1. Being under 30 Å from K560 (Cα atoms), within 15 Å of the ligand (Cβ to nearest atom) and not assigned by TED's automatic domain parsing to the domain that holds T583 is true for just one of V167, V186, V203, V172. Which residue is that?
2. Would you confirm whether any residue within the stretch 56-71 is buried (at least 18 other Cβ atoms within 10 Å of the Cβ), within 11 Å of the ligand (Cβ to nearest atom) and not assigned by TED's automatic domain parsing to the domain that holds K495?
3. With the structure loaded, tell me whether V337 is surrounded by 24 or more Cβ atoms within 10 Å (Cβ to Cβ), in contact with a strand residue (DSSP E or B) (Cβ under 6 Å, 6 or more places away or on another chain) and at pLDDT 95 or above or whether it fails that test.
4. V319: in contact with a Phe, Trp or Tyr (Cβ under 9 Å, 6 or more places away or on another chain) and modelled with pLDDT of 95 or more, yes or no?
5. Could you check how many residues of the stretch 11-41 are more than 22 Å from the chain's Cα centre (by Cα) and in contact (Cβ under 8 Å) with a residue 12 or more places away in the chain?
6. Can you name the strands (runs of 3 or more DSSP E) wholly within the stretch 93-185 that have at least 2 residues being at pLDDT 95 or above and either more than 17 Å from the chain's Cα centre (by Cα) or of a type in the set (A, V, I, L, M) (or both)?
7. Just one of (1) in contact with a His (Cβ under 9 Å, 6 or more places away or on another chain); (2) without any contact (Cβ under 8 Å) to a residue 60 or more places away in the chain; (3) not β-branched (V, I, T) trips up L428, so point out which.
8. For the list (1) assigned to a loop (DSSP other than H, G, I, E, B); (2) surrounded by 24 or more Cβ atoms within 10 Å (Cβ to Cβ), I need the number of the one condition that T317 fails.
Amino acid sequence: VIEIGQPEHSVVTTCAYCGVGCAFKAEMRGEEVVRMVPYKDGKANRGHSCVKGRFAWGYTNHKERILKPMIRERIEDPWKEVSWDEAFSFAAARMRGIQKKYGRDAIGGITSSRCTNEETYLVQKLIRGGFGNNNVDTCARVCHSPTGYGLSQTFGTSAGTQDFDSVEETDVAVIIGANPASAHPVFASRLKKRLRQGAKLIVIDPRRTEMVESPHVKALHLPLMPGTNVAVVTALAHVIVTEGLVNEAFVRERCDWAEFEEWAAFVAQPKHSPESTAILTGVDPKVLREAARVYATGGNGAIYYGLGVTEHSQGSTTVIAIANLAMATGNIGRPGVGVNPLRGQNNVQGSCDMGSFPHELPGYRHISGDAVRDQFEALWNVKLNPEPGLRIPNMFDAAIEGTFMGIYVQGEDILQSDPNTSHVVAALSAMECVIVHDLFLNETANYAHVFLPGSSFLEKDGTFTNAERRIQRVRKVMTPKNGMADWEVTIALAKAMGFEMNYSHPSEIMDEIAALTPTFTGVSYAKLDELGSVQWPCNEKAPEGTPVMHIGGFVRGKGKFIVTEYVATDERTGPRFPLLLTTGRILSQYNVGAQTRRTENVVWHAEDRLEIHPHDAEQRGVRDGDWVRLTSRAGETTLRAEITDRVSPGVVYTTFHHPDTQANVITTDYSDWATNCPEYKVTAVQISPSNGP
Ligand code: SF4
């Protein structure tokens, strides 16, 4: 660790990595961070942190950081450094030129779950108000969009039900498609503490994760085949219904009984039993039956899930199936229970809340609603388009068709993080104006015409909303190294395009959000400074926020049971591609590694590896540490092999942190039927020995 002397002052802010949202004291010497100290009064982390957050400032000083705006006529040309004004004029002229030539709807933008609520709000406001269309989407599209859909359908709100404190009252924790020990370490520590006190653990995951191997508890592990979540959760429901474990009093009081009866009759069919589905899912029926009994009868049961649930062609169906399970057992609406999506990025919840989807204004209100549009039109002084805009994959398709030609991408490397890289390359190459607003020249910037330097979380004021709906302050501890915070950049770009947005501080943006969003009417910077944080809904009914939702009644009224039929993904194994690839994260890297790979004050994991079961490795003559070629219908890449029985025969696993590996060269275009969230977690592949990249 490099330390530069004793701190002179400290500022409380919020980690900009994962959705736990740990609060830190940034201890400063002048404009330099001396160290980041986990804040003991932080309500999400209670004084704890993981290695990523603890060293989360190294990348801000990295030599590859771009601090000057750059433009170029064509992507083949070298970049030219220009003034901010010249960059904004160039970008605005190009975007307006595209609209003149191809029509109003030929441009759009992508907001970032890494940026603040206020910045995200401004980008969607620019697109809806300044571009005149609803072609705005968020990188949450590719992670938790099925959560928004599934939980709003069943419970009436697009968010997790509990606070993290709730885990202290949990008796049975069910983790589905998540590995919090790597991806949400501070939450994992709180869960492990509860497990040491006697709580039970059920893990539904193709891989024997660190949580399964936890020495504190003997977990029930259901190592399902990738892509069979719906079948497994329905089999759990089958046991609960057919063995008389339903909490009938809860269901009669809180849910629509007729819908429950239809659902119960569906799951009770013999074809949904653990025994009937065992060959499909690969899960031992005895273990599955035991898991269902433990969850239904073991006291407070809480479900935590991650991208292993959502990033499937049936991602939304699985979220609904999980919600059904919680309602059937009465595990909703009090501390210790609930349905809790573990958000990957720091502000996934916030970017969704702020109206980043093409069909929804802030607060999840559909753009077609006349009364809602009237409210925004009056305050923004614009006429809004009532038609939903394009989702990210539709933007790519439209670019290839020649009807979507300009994009503003804030804080996301879509080339590295979206599926089927060659398709994304084709889309970006077809566009006439790609504006990348980021800290580094990322992979997407290779296809950009304008590069607007971004600011780190240490260089701006704002708020993030974590996985438990907790809104927390991000506080500026240093002057933006590029001269402009991200919210100021968006305002200046809007102005160059002829759309005025006037704010002198992000607190004014939050005031506007509060004025327009019923779940935020009680939120202000003054209140956040006073209370430390609040969890939405924070309004007249709940002035200090809402830690646990759906107490006494669901937001939608009666809880809605929905029948969830398992449908196999179109991504099938066969003689050419006999194995299934699934993906995940490691503790020491964050997403595509743009920041963690450039944080030099600690030693980071150096490469992505491919986990292969010994049986599959032996069949192919692959030894531990060998290079292997990984091939799918979409493309191929090369990685080193790690031979391990953490994965089952027929399943391989890798992480996606390094641009050299480009795991998304392999992933396909299949996506969730309801939200188009890509099916990252199931790809049919083959492996063969290789001499290296
Ligand atoms: Fe940051 Fe998440 Fe680690 Fe907390 S657990 S320090 S929020 S990366």
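The values are calculated or read from the model by the stated rules, or taken from the named source; none is laboratory data. Note that the coordinates shown come from a computational prediction; the quantities given were computed from them, not determined experimentally. FYI the Cβ positions are ideal-geometry reconstructions off the backbone, even for glycines, and counts take in every protein chain you see.
1. After applying the criteria, what remains is V167.
2. yes
3. yes
4. yes
5. Adding up the residues that qualify gives 18.
6. Qualifying strands (runs of 3 or more DSSP E): 107-111, 172-176.
7. (1)
8. (1)
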